[in-house]
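The values are calculated or read from the model by the stated rules, or taken from the named source; none is laboratory data. Only a predicted model underlies this, so the values are computations on that prediction, with no experimental measurement involved. Backbone-built Cβ (ideal geometry, glycine too); neighbour counts: all protein chains shown. Keep in mind that these areas ignore ligands, DNA and RNA; they rest on the heavy atoms of the full protein, side chains included. Shrake-Rupley method; radii C 1.70, N 1.55, O 1.52, S 1.80 Å.
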Amino acid sequence: MCDLDNTLLPLYTQEKFVEIWFRDMAKKFNEHGLNQAIALNAMNEGCRAMVFNQGGKHNIDVFYDVACELSGYTRGELEPVLDDYYATTFSNVREIARENPYATQIARLMREKAQYAVIATMPMFPLEACNKRLSWVGLNASMFDLVTTCDFSTYCKPNPNYYAELLEHFNVKPSQALMIGNDVREDMEPCEQLGIDTFLVTDRIITHNLPYSRFRRGNCPVLIEYLKSLK
């Protein structure tokens, strides 16, 4: 399993990502004749609800349950706006993405060394948005057995159940899995709790001021050498 944002896909900052996302969503709500302030607040709270989803419903359904209740709009009114956004304006996020010359080699090694290759990205986006982000570093969803999306997952990082759900989906034991990521709190610690092996990518490491010396770690070239060493 491998994280996407700031692991395979370098971003200027996560905060800038969110800023562009909400700026462009506001424009889309205006274009579709929806109240911008009401719809944006509903979207923000819907995203928050996905983060704290405790299972039982897919993240996308939790999102719309909350967004519709707060805004007074129906899913039939909100969904076309988000679909339009991800099909068109979401590409503006590309302006804060950076090249990663190691991404394709890491993906190839994941495919060679593992029975299943998974992009374990925060599951708050549809597949179209994930595929666009993958394309910015020369990858696409078809190269992997699964990309976690809001339509698939019923939890979010850093809930350990997000990772447990992936193990169950592929009928894989924790001891048989490896998680590659850059975030100590979202990628390393929950996998450690489950007994999943980890590799902390340090190029754009996010520590949340948490200790991380116990985790295997290194930059992308070191990760590549480690993956090559796996039998």
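Can you tell me how many residues in the stretch 42-58 are more than 30 Å from LYS173 (Cβ to Cβ) and exposed (fewer than 14 other Cβ atoms within 10 Å of the Cβ)?
Taking the stretch 42-58 first, the residues more than 30 Å from LYS173 (Cβ to Cβ) are 42-49.
Keeping just the survivors that are exposed (fewer than 14 other Cβ atoms within 10 Å of the Cβ) gives 48.
The total comes to 1.
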Within the stretch 176-223, considering residues that are part of a loop (DSSP other than H, G, I, E, B) and charged (D, E, K, R), the one nearest to the chain's Cα centre (by Cα): ARG204
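If you go through the stretch 44-68 one residue at a time, how many are charged (D, E, K, R) and touching a residue at least 24 places away in the same chain (Cβ under 8 Å)? Reasoning before the result, please.
Going through the stretch 44-68, the residues charged (D, E, K, R) turn out to be 45, 48, 57, 61, 65.
Restricting the remaining residues to those that are touching a residue at least 24 places away in the same chain (Cβ under 8 Å) gives 45, 57.
The total comes to 2.
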Candidate set: the stretch 153-164, residues that are part of a helix (DSSP H, G or I) and in contact (Cβ under 8 Å) with a residue 60 or more places away in the chain; chosen: the one least open to solvent (accessible area, probe 1.4 Å): TYR163
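Among the residues of the stretch 121-138, is any of a type in the set (Ser, Thr, Tyr), part of a loop (DSSP other than H, G, I, E, B) and in contact (Cβ under 8 Å) with a residue 40 or more places away in the chain? Steps first, answer last, please.
Initial filter on the stretch 121-138 (of a type in the set (Ser, Thr, Tyr)): 121, 135.
The next check asks that each one be part of a loop (DSSP other than H, G, I, E, B); those that pass are 121.
Filter once more, so that each one left must be in contact (Cβ under 8 Å) with a residue 40 or more places away in the chain: 121.
Yes, there is a match, as at least one residue in the stretch 121-138 is of a type in the set (Ser, Thr, Tyr), part of a loop (DSSP other than H, G, I, E, B) and in contact (Cβ under 8 Å) with a residue 40 or more places away in the chain.
Please verify whether the stretch 183-206 includes one or more residues that are among the small types (Gly, Ala, Ser) and open to solvent by less than 10 Å² (accessible area, probe 1.4 Å). I'd like the intermediate steps shown before the answer.
Pass one, the stretch 183-206, residues among the small types (Gly, Ala, Ser): 195.
Still in the running and open to solvent by less than 10 Å² (accessible area, probe 1.4 Å): none.
Scanning the stretch 183-206 turns up no residue that is among the small types (Gly, Ala, Ser) and open to solvent by less than 10 Å² (accessible area, probe 1.4 Å).
If you go through the stretch 118-134 one residue at a time, do you hit one that is of a type in the set (Ser, Thr, Tyr) and open to solvent by 50 Å² or more (accessible area, probe 1.4 Å)? Walk me through how you get there before you give the answer.
Step one: of the stretch 118-134, the residues of a type in the set (Ser, Thr, Tyr) are 121.
Applying the additional criterion that residues be open to solvent by 50 Å² or more (accessible area, probe 1.4 Å) yields none.
Taking every residue of the stretch 118-134 in turn, none turns out to be of a type in the set (Ser, Thr, Tyr) and open to solvent by 50 Å² or more (accessible area, probe 1.4 Å).
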Selected residue (criterion: most open to solvent (accessible area, probe 1.4 Å)) from residues of the stretch 135-152 that are touching a strand residue (DSSP E or B) at 6+ places or on another chain (Cβ under 9 Å) and of a type outside the set (A, V, I, L, M): ASP145
Checking PHE170 against (1) open to solvent by 10 Å² or more (accessible area, probe 1.4 Å); (2) in contact (Cβ under 8 Å) with a residue 40 or more places away in the chain; (3) of a type outside the set (Ser, Thr, Tyr); (4) more than 19 Å from GLN115 (Cα to Cα), the condition it does not meet: (4)
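Tell me, yes or no, whether the stretch 19-41 has at least one residue that is under 16 Å from the mean Cα position of the chain (by Cα) and surrounded by 17 or more Cβ atoms within 10 Å (Cβ to Cβ).
Keep residues of the stretch 19-41 that are under 16 Å from the mean Cα position of the chain (by Cα), which gives 21.
Okay, now just the ones that are also surrounded by 17 or more Cβ atoms within 10 Å (Cβ to Cβ), so 21.
The answer is yes, given that some residue of the stretch 19-41 is under 16 Å from the mean Cα position of the chain (by Cα) and surrounded by 17 or more Cβ atoms within 10 Å (Cβ to Cβ).
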